[in-house]
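Okay, structure first, notes after.
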């Protein structure tokens, strides 16, 4: 009888512990997925849109100083050909006279927030050349922003992909 009571008591203790753990997990999930307050989201959206324009102008003008201020120290980029570039390599390519952009026009931009992270997806019409080759076309772009220690948004990741020209596709 004593063994039965001990087993029953142990089972109840395990169930209580499991309930407490599940309750804490649910509380943690609620905190992690808490929505950004509306006013903060509005201000952050304004800041990100401003940085998006600053990024576009920095690329068009090959402005190393402006681009340097926009990128996080651990920035990584993935080019349309799949090349992975560090921050330093990205800045070097921007400075490279072989790259020349005459148009970068974003459209269909979507912006989502995840606490201190923002994700921007867009399409961009691009005109330009790189190393003598034409790189004009429509691109799909993703930029990831994170708030740094000084509460400023910095670009930590960029990826772009050339979209196929529907008029050149076989029927």
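Data overview
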| item | result |
| --- | --- |
| Relative contact order for segment 106-170, counting Cα pairs under 8 Å that sit 6 or more residues apart, in percent | 25 percent |
| Whole-Å distance, taken between Cα centres, linking segment 103-130 and segment 49-85 | 11 Å |
| Order of 150, 100 - criterion: other Cβ atoms within 10 Å of each residue's Cβ, fewest first | 150, 100 |
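No lab work stands behind these numbers, since they all come straight from the coordinates. Remember, it's a predicted structure, so these values are computed and weren't measured experimentally. Cβ atoms come from the backbone with ideal geometry, glycine included; neighbour counts cover every protein chain shown.
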